[in-house]
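None of the figures in this text is laboratory data; all of them are computed from the coordinates on show. Worth saying up front: this structure is predicted, and the values here are computed from it rather than measured. Cβ placement follows ideal geometry from the backbone for every residue including glycine, while neighbour counts extend to all protein chains displayed.
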Amino acid sequence: MLLLEQLPVNYAPVAFQFFVAVGFVVVTMLATHLIGPKRKTSDKLTPFESGVEVQGNARHPMSVKYFLVAILFVLFDVEVIFMYPWAVNFRELGILGMLEMFTFMIFLLLGFIYIIKKGALNWE
Amino acid sequence: MTPTEKLATELMLKFGDSVLTQQQTADEVATFWVAKTHILPVLAYLKKESPEPFPLLYDLFALDERSRSDHKTYPSKDFTVVYHLLSFKRNQFIRLKIALKGEYPSAQTLTHLWPSASWYEREVYDMFGIRFEGHPHLQRILMPLTWQGHPLRKEHPARATEMGPFKLWDEKVDTEQDALQFKPEQWGLQRHSDDADFMFLNIGPQHPGTHGVLRIILQLDGEDIIDAVPDIGFHHRGAEKMGERQSWHTYIPYTDRIDYLGGVMNNLAYLLAVEKLAGIEVPDRVKVIRVMMCEFFRIASHLVWYGTFAQDLGQLSPVFYMFTDREKIFDIVEAITGGRMHPNWFRIGGVAQDLPNGWDKMVAEFIAYFPKRLKEYHNMVMRNSIFKARTVGIGIYTLEEAIEWGVTGPGLRACGLEWDMRKKQPYSGYENFEFDIPIAQNGDCYDRAVVREQEMIQSLRIIEQCLKHMPEGPYKSDNSHATPPLKKNTMQDIETLINHFLNVSWGPVIPKGEAMSCIEATKGWNSYYMVSDGNTSPYRSRIRTPSFPHMQMLPYISKGYTVADLLSILGSMDYVLADIDR
Amino acid sequence: MSETLNYWLVIVGILFVLLNIAAFLIWVERRMLALWQDRLGPNRAGPFGLLIILADTLKLFFKEDWIPPFADRHVFVIAPAVIVISVLLSFAIIPFAPAIQIVDLNIGLLFFLGMSSLGVYSIVLGGWASNNKYSLLGALRGASQMISYEVFMGLSLMGVVMLSGSFSLRTIVEAQKDYWFVLLQPVGFVIFFIAGIAETHRLPFDIPEAESELVAGFHSEYSGMKFGMFFIGEYLGITLISSITVALFFGGWLGPAFLPPLAWFAIKTAGFILFFILLRASLPRPRYDQLMEYGWKILLPLTLLNLLVTGGIILFLNQP
């Protein structure tokens, strides 16, 4: 309980909720682990691949075509986060804040148009 | 001059008597024996140089001639390889045969002329042990790689009881699994690209997307298909071999199960060939009844395709509605034939019974009911934008490619060729019906769907005409070869009495000869090539099914697409495994 | 101490109800799908087949708890837990009624976005740990799907935040006293709901699972209760997205007084849950690059535009 008391009051229920959720998951999984049957057959020892013995391993270096999109995603996600505080405070920030955000978005959109022109999103 | 004579003159002028010998057959397809050494030039001429060329390799198969009772006929041979070509310009088939001598003979491959010859030659090798020199990958195709012997050779046992009890012990499981292992090098596939490993993924035999026991090995770069290798034969039941030990009559139910969604349409293809051999002309009523039943099965088959296609793309509901409608068709089929999916209802020279009382009411109800439903499905599936996104521009092939690979039926018409066997080479009285041939232009998955959807409307039109103009008359020919012959005639002429007696004691005896049928089946053109040596069962029954070449084309049209697109392509192809493997 | 006890009671109570709803939804979905597909659905066990819920749960409990030897044991077990825990945590900030809410965080919406992003780990980890090729492809698709909708998911909610001036869900609900935000933010609503469907991996966006393509995708190798966790996670996810949508755009518990607030909330949420099921009954599945393209090229610019227009209009109206 010590840990809980150190948290800001607001978050104590979240921690409670977390414990309850974890508790539910652990208890359920443990229960089924204990009461479920245990039978070993050779067919269970291989991964499913449409009824044919698996060739090679699923874990091997393979190409992920949307890798570039994933990197762009990280960039955009970070940039987009700047809009959250603006959105919640934008009445106070007023026209000036609006214009600033407008400029920011134009930069964002310019970058966006650039990557579309570059064809970074066409990974087919 | 008949087309056959014209063709014979053209070929004789070009190649001369020493190369070609004409043969008469019961089906009036121009048939030539070609000297084994000259087959390639003749085929190349017919495909490329002839003023009216034969661009489609329709079928390629072999016969084991060694125990044929009339094998003394020209030329002397142990095996025959038969080539069927089709000319669109002439609207004519040609049949070329080469005679092979020896226990395990060999012939030259056609694969550089027609890529579609590859699977056919593999099948001939698999079934007869005939080798094709220069074939890039001569390997068994329908039988397991571990199989001993070549099944369609006459010395190979035809019944399980002749082979000793089947046991699957552990070592055998291991050998079979080993044989199933895919070795990319054998197929000339790379294991790695410059910067990543390729994934080799089995789609099937146990996979929800393959609609049956089909195995496709994919070479994947991420999710992009670099190459695909279909592995067929899991559904092989030896239908052609069974034909050689069934009587002409008792073989009919086996044909039902070739394209198992086509029902009696398979009966028709088989019977057209047999009736040509026996020289039976069926009464008009039989023709119209047969047409009506076939068109019902065409709609039923297309409905299954429609629903499962949508389901392959993730749309869960249409398949339920469509199966409900299919049930309505089966209700009619059941009322008329007593059976549902495999009614086994057509007979040599007729059908099993006359139409029952009240059939017209049921059919009329369906005709009134169905168009509204089709419209609903059109809005639900064909106009759905996600459905379009998944099918438009996917799995494209051009008309030239389609012909090169032996694509027939709706797949061919989706490339813009208005070619329907019901119109071009009418059989069973289709020339008397009014209907349109739906076509589309782009040859992609969506267009194949458009063609099939429109075909259902046309089929309904045909059924409506059957209903309105059903002729009166007998439901069986009074030809003495009809099976069984009309009882009342047995007391009048001796031929019918003899045939009736033979029928009951052995089964019908069909006159010597060979004949091929070709019908516009649900999935493309279906042919039975029947050879009789005057016995109670066929000497050879060759079944040419449309799905076989369609599946062969799969690697060609799926390269460069993704795994998700593969499902669109498979779905739009409309195949059934029983039709591929026989 | 009694306050702490109270917390526990409320939390356990809400959790209990939620889990029951998730289980109940199995039956609802199967019956509704059956209704729309001209079938009967489960109707044998108990009245209206309701006991199928009990039967299904018991079945899952008595299945073998199997961890394939070729899998990564720890990750394999953790993956299904992640989705259930993260979704359950998200429920902490949902105001079911004025008096029923676990906690009213002043950053409630951010908390929800954070938790829902965690859900995708469940798919990626599960697919990777299974060491099965279909699962791996499913996991890759899951990751691709996440990067297609996450960017605009949060952004689509900013219109609501601007209108109410707060991240707290309770404040947002209360700000809808006069009119629901769906009237002011129709574009934001549609975009958020599309992202929400993608978030829950329901048809038409069940791309990582894609039965007809990848067998069952990321959970091909799962069985028993671990599979059950994915299952519950999916239904909890539906409930969560429906509740959030109701709270943000449809006035939450607000409604005419003849029904209690909780009933209004439940009715609205149920409507959206049914809509989820209806979508599954009617739409095919796009390809994952199509979803990505749709998200990036259409929905992202649209969201930004929506934000600008909303901001402009509010400032214009608020001018002194």
dims of the range B:535-582, Cα set, principal axes, largest to smallest, nearest Å -> 52, 16, 11
Low-density loop trypsin sites (Lys or Arg not before Pro), the range C:1-95, at most 11 other Cβ within 10 Å, DSSP non-H/G/I/E/B, are C:Arg44
Cα-based Rg then Dmax for the range C:128-220, in Å, read 17.3, 54
In chain B, whole DSSP H helices that both stretch 30 Å or further along their axis by alpha carbon positions and average at least -0.5 on the Kyte-Doolittle scale are B:284-312, B:445-468
For chain C, longest principal axis from Cα atoms; helix C:186-200 axis from its Cα atoms; angle between them, nearest 10 degrees, is 20
Listed with the fewest Cβ neighbours within 10 Å leading, B:His235, B:His192 appear as B:His192, B:His235
So, for the Cα atoms of the range B:3-141, Rg and Dmax in Å stand at 14.5, 40
Per the rule of 0.36 nm per residue minus the C-alpha distance, extending B:Lys101 to B:Glu281 adds in nm 61.0 nm
Under the 7 Å Cα-to-Cβ spin-label approximation, C:Arg39 and A:Leu99 lie apart by a distance in nanometres of 6.2
Ranked from fewest to most other Cβ atoms within 10 Å of their own Cβ, A:Leu72, B:Leu303 fall in the order A:Leu72, B:Leu303
Inter-chain shielding metric for C:204-214, i.e. average beta-carbon neighbours from other chains within 10 angstrom, reads 5
Per the C-alpha gyration tensor (a ≥ b ≥ c, the square roots of its eigenvalues), chain B is rounded if a/c is under 1.5, else prolate if a/b beats b/c, else oblate; here it's rounded
When the charge dipole of the protein assembly as shown is computed with +1 at the Cβ of Lys and Arg and -1 at the Cβ of Asp and Glu, the Cα pointing farthest to the positive end, of C:Ile191, B:Val19, C:Phe16, is that of B:Val19
The range C:228-314: spread of alpha-carbon positions along the three principal axes, whole Å, largest first, is 45, 45, 24
In the neighbourhood of C:Asp206 defined by beta carbon distances under 11 Å, the net charge of the other residues (Lys, Arg +1; Asp, Glu -1) is 0
Kirkwood radius from Cα pairs of the protein assembly as shown plugged into Stokes-Einstein at 37 °C, 0.692 mPa s, gives D in µm²/s equal to 102
The range B:278-374: spread of alpha-carbon positions along the three principal axes, whole Å, largest first, is 50, 30, 20
Output for the range C:138-186: chymotrypsin sites (Phe, Trp or Tyr not before Pro) sitting in coil per DSSP, at most 14 other Cβ within 10 Å, listed by number, reads C:Tyr179
Note, B:Ile98: beta-carbon cut-off 11 Å, +1 each Lys/Arg, -1 each Asp/Glu, net +4
If the chain between B:Gln177 and B:Lys154 were fully extended at 0.36 nm per residue, the gain over the current Cα-Cα distance would be 5.4 nm
Taking Cα atoms, the helix C:108-129 axis meets the longest principal axis of chain C at an angle in degrees (rounded to 10) of 20
With the charge dipole of the range C:2-317 built from beta-carbon charges (+1 for Lys and Arg, -1 for Asp and Glu) about the Cα centre, the Cα from C:Val124, C:Ile277, C:Tyr235 projecting farthest to the positive end belongs to C:Ile277
Shielding of A:74-81 by other chains, given as the mean Cβ count within 10 Å, works out to 4
Helix-only [θ] at 222 nm, chain C, -39500 (n - 2.57) per DSSP H run of 4+, per residue, nearest 500, equals -23000 deg cm²/dmol
The alpha-carbon pair-distance distribution computed for the range B:229-303, with 10 angstrom bins and whole-percent values, is 17, 42, 31, 8, 1
Where a ≥ b ≥ c are root eigenvalues of the Cα gyration tensor, a/c under 1.5 meaning rounded, otherwise prolate if a/b exceeds b/c and oblate otherwise, the range B:150-205 counts as prolate
Toy charge model, Lys and Arg Cβ at +1, Asp and Glu Cβ at -1: the range B:3-141 dipole around Cα centroid in debye, rounded to 20, equals 180
So the FRET efficiency between C:Phe24 and A:Phe82, C-beta based with R0 = 35 Å and rounded to 0.05, is 0.25
Computed over chain A: longest principal axis from alpha-carbon atoms vs helix A:83-118 long axis, angle to nearest 10 degrees, is 70
Net charge (Lys, Arg +1; Asp, Glu -1) of residues whose beta-carbon lies under 12 Å from that of C:Asp72, C:Asp72 excluded, is +1
For the range C:200-266 the chymotrypsin sites (Phe, Trp or Tyr not before Pro) that pass both the DSSP coil test and the at-most-12 other-Cβ-within-10 Å test are C:Phe258
With bins of 10 Å, the percent of all Cα-Cα pairs of the range B:210-269 per bin from 0 is 19, 34, 24, 16, 7, 1
So, for the Cα atoms of chain C, Rg and Dmax in Å stand at 20.1, 70
GNM of chain C, Cα pairs under 10 angstrom: of C:Leu54, C:Leu236, C:Leu279, the biggest fluctuation goes to C:Leu54
Rounded to the nearest 0.05, FRET efficiency between B:Tyr74 and C:Phe62 (Cβ-Cβ, R0 60 Å) equals 0.20
The relative contact order of the range B:3-141, taking Cα pairs under 8 Å that sit 6 or more residues apart, comes to a percentage of 19
Taking chain B and counting helices only, DSSP H stretches of n ≥ 4 at -39,500 (n - 2.57) each over all residues, the nearest-500 ellipticity at 222 nm comes to -11500 deg cm²/dmol
Scaled by the rule-of-thumb 2.2 N^0.38 Å, the alpha carbon Rg for the range B:374-426 gives a ratio of 1.42
Mean other chain Cβ within 10 Å across B:378-391 is 2
If R0 = 41 Å, then B:Lys167 and C:Leu54, at their Cβ-Cβ distance, give a FRET efficiency to the nearest 0.05 of 0.40
Note on the range B:490-532: alpha-carbon gyration tensor, axes a ≥ b ≥ c; rule is a/c under 1.5 for rounded, else prolate if a/b larger than b/c, else oblate; result prolate
